[in-house]
Amino acid sequence: MVFKTNKDKGNTGLGMAIAYFTSKGYTVSIPLNDTQDYDLVIEQGKKLQTVQVKATNCKTKYGVYQVPLKSCGGTKGKTYKTLVESYADILFILTGDRKMYCIPCMEIKNKATLNISKKIIEYEVHI
């Protein structure tokens, strides 16, 4: 999967997350702005959960997909938030080979990046 721009990457990840959760029977809500720690709210039954969506085409030198877990901005690209400091319940990841993962955020201890290694494979999901 080729992402032409970061915006394209984000939109593709968000679209695939919506497709996945909808196919599993969740009601999916999209926040009105992008200042919160999550990209989606999903509801099943009476339970609401927040979802942070990440998409990546980046691989390590060992050929393993890698996902950045920090948000940067401003003129100097300073880190202003990491996933472990956020209020998201679930991390949804889309990789360049079209694989998807749903990981409970409380399981993630890394602050900067997450490698899609054997530990993460158990969280792979399918539509």
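Computed quantities for the displayed model
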| read-out | value |
| --- | --- |
| Close pairs (6 angstrom Cβ cut-off, 6 or more residues apart or separate chains): in contact (Cβ under 8 Å) with a residue 60 or more places away in the chain and closer than 26 Å to Phe3 by Cβ in the range 97-110, part of a loop (DSSP other than H, G, I, E, B) and aromatic (Phe, Trp, Tyr) anywhere | Cys102/Tyr123 |
| Some residue of the range 85-93 being modelled with pLDDT under 95, touching a strand residue (DSSP E or B) at 6+ places or on another chain (Cβ under 8 Å) and aliphatic (A, V, I, L, M) | yes |
| Sole residue being of a type outside the set (A, V, I, L, M) and modelled with pLDDT of 95 or more, chosen from Tyr20, Tyr62 | Tyr20 |
| Residue satisfying condition, being among the aliphatic types (A, V, I, L, M) and at pLDDT 95 or above, within set Leu69, Leu32, Leu40 | Leu40 |
| Single unsatisfied condition, Lys9 versus (1) of a type outside the set (Val, Ile, Thr); (2) assigned to a loop (DSSP other than H, G, I, E, B); (3) more than 11 Å from Phe92 (Cβ to Cβ); (4) at pLDDT below 95 | (2) |
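The values are calculated or read from the model by the stated rules, or taken from the named source; none is laboratory data. All of these numbers come straight from a predicted model, not from anything done at the bench. FYI the Cβ positions are ideal-geometry reconstructions off the backbone, even for glycines, and counts take in every protein chain you see.
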